[in-house]
Every structure is written in C-alpha cells, then in structure tokens.
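> Below is one structure. I have some questions about it.
The values are calculated or read from the model by the stated rules, or taken from the named source; none is laboratory data. For clarity, every value in this text was computed on a predicted model and none was experimentally measured. Here the Cβ positions follow ideal geometry from the backbone for every residue, glycine too, while neighbour counts run over all protein chains shown.
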Amino acid sequence: MAHDDLALEYARRHSSTDSPLLREITETTHRELELPQMLSGVLDGGLLTAFVHATRARLVLEIGTFSGYSSLAMASALPPDGRIVTCEIDEARAAVARRHFDSSPLGERIELRLGPAMVTISSLEGPFDLVFIDADKTGYRDYYEAVLPKLAAHGVIVVDNTLWSGRVLDATDDSENTVALREFNDHVLADERTECVLLPVGDGMTVIWARG
Ligand SMILES: C[S@@+](CC[C@H](N)C(=O)[O-])C[C@H]1O[C@@H](n2cnc3c(N)ncnc32)[C@H](O)[C@@H]1O
C-alpha cells in the first residue's frame, strides 16, 4: 500500500464515527445499488457529524440522500428534537434509504422528500443550521443560491466533491460536471457574502459560512 493510502487507513481507524449501522449501510449499498462510490465514508461522514455537533444543529437540510449514509451519520449528533430534511430524486435509492432509516431509532429524526431538490428547497423556510450539498453537480450553484438566504446566522453549508478526483485542476477537462464544479468553486470564492475553506477530505469538501 502507498504511504498516502496507509495514512488514510490509519485516519479511518482512529476516527470514532464509524458504527455498525453505517457499516451495514455501506455493505447493503454495494450489494443493491449502482454507483456505490457515491457513498460518504468514515472521514467525510465523520466531519459532517462533527459539524452537526459543533453548530448545535436542530435543522439540517441534505441535498442528495442516496442510500442514507450521510443522513444517519448526521442524525447521530442531533438532539432528540432535531430534524434532517433530505432530498432525493430517485425512487429506488429513496426506497433503500427509507429502509435504512426505518431500521434505526435515529430514522425518526429524518424526513425524506422525494422529488427535485429545488422544489423541496422552495417549500422550506429554514433557518438551516447545516446544509449538506451532495447531489447533481450542475445544480450546485442553484442550490447554494437557494439555501444561502435560509441559512441560520451561525449556520454552515458543506459541499461535497469540490475536488472531483482532482479533475477541477485539469484545464483540458471540459466535461459538464467538471466545468460546473470549477465554476462553482470560483463563484463561492468570489462571493463577498460568505467565507469558505476547501478541505482535501474525501473528494474535497468545501465549508461555507456567512461573512462577518
Ligand atoms: C452523491 S449521492 C448522495 C450521497 C449521500 N449524501 C451520501 O453521502 O451517502 C447524490 C444523490 O443525489 C440524487 N440527486 C441527483 N439529482 C437530484 C435532484 N435534482 N434532486 C434531488 N436529488 C438528486 C441522486 O439520485 C443521488 O442519490
């Protein structure tokens, strides 16, 4: 194993946020769904859990449920009356996520909304303590603009895949998702309303909060 892989494995083994439930979701997802690489893992899921704890979040919005890993990771740090609204457009994935939510008492804290995320966001008032953006990459800018006015004063937006396996650095890569992510990263950096830090965790996670 290369040095970086060993360090990553060590980091996973020294993170307390892994759980039997999250391991089970990982296994089921690999068995039952295509594109299991979309799953969060111990490190990115752990970082989300830490943010829910640190912001004392009561209302979380997740854009992109997939099989429910990140929803349940975040739910574990919510207070009993805390709530996550999670948006998913794909019925088959939503069904797998619902099964996972139903298998845990934490599932009571999660409300899955089936349909296009922009429609769900427009129906919600906020204020959101934490927003996790992890759906279609070409929609990221619209999601950011739609949730920013509904963010609590102390709230944070966490955006996944902002390094896109390093493809955002490759100027010759003009595929739709790469271009969308590159433009999104530039847009957030130039936005005077917010501050941000792009962390090289997982596939790149950008944390954004209101300036001042
Ligand atoms: C990367 S996966 C989410 C992974 C999940 N957050 C996790 O960490 O385990 C992205 C999900 O967003 C969903 N999605 C894509 N476009 C969407 C849209 N317009 N509205 C809602 N969900 C969407 C996809 O079906 C997919 O399940």
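> Which residue out of Asp191, Asp134, Asp173 is within 30 Å of Arg99 (Cβ to Cβ) and either within 18 Å of the chain's Cα centre (by Cα) or not β-branched (Val, Ile, Thr) (or both)? Spell out the reasoning first.
Numbers: Asp191 fails: within 30 Å of Arg99 (Cβ to Cβ); Asp173 fails: within 30 Å of Arg99 (Cβ to Cβ).
Of Asp191, Asp134, Asp173, the one residue that is within 30 Å of Arg99 (Cβ to Cβ) and either within 18 Å of the chain's Cα centre (by Cα) or not β-branched (Val, Ile, Thr) (or both) is Asp134.
> May I ask you to verify whether Ala210 is more than 16 Å from the ligand (Cβ to nearest atom) and either at pLDDT below 95 or touching a Phe, Trp or Tyr at 6+ places or on another chain (Cβ under 9 Å) (or both)?
No, not satisfied.
> Quick one: which residue in Ser16, Ser40 is outside any helix (DSSP H, G or I), surrounded by fewer than 17 Cβ atoms within 10 Å (Cβ to Cβ) and not aromatic (Phe, Trp, Tyr)?
Of Ser16, Ser40, the one residue that is outside any helix (DSSP H, G or I), surrounded by fewer than 17 Cβ atoms within 10 Å (Cβ to Cβ) and not aromatic (Phe, Trp, Tyr) is Ser16.
> Do you know which residues across region 141-173 are aliphatic (A, V, I, L, M) and outside any helix (DSSP H, G or I)? Quick ask: steps written out before the conclusion?
To start, the set of residues in region 141-173 that are aliphatic (A, V, I, L, M) comprises 146-148, 151-153, 156-159, 163, 168-169, 171.
Listed by number, the residues that qualify are Leu151, Ala152, Ala153, Val156, Ile157, Val158, Val159, Leu163, Ala171.
> Got a sec? Which of Arg99, Arg31 is part of a helix (DSSP H, G or I), out of contact with any Ser or Thr (no Cβ under 9 Å at 6 or more places or on another chain) and under 27 Å from Gly115 (Cα atoms)?
None of the other options fit; the residue is Arg31.
> Any residue at all in region 45-60 that is under 20 Å from Ile208 (Cα atoms), within 9 Å of the ligand (Cβ to nearest atom) and surrounded by 23 or more Cβ atoms within 10 Å (Cβ to Cβ)?
Yes, the conditions are met somewhere in region 45-60.
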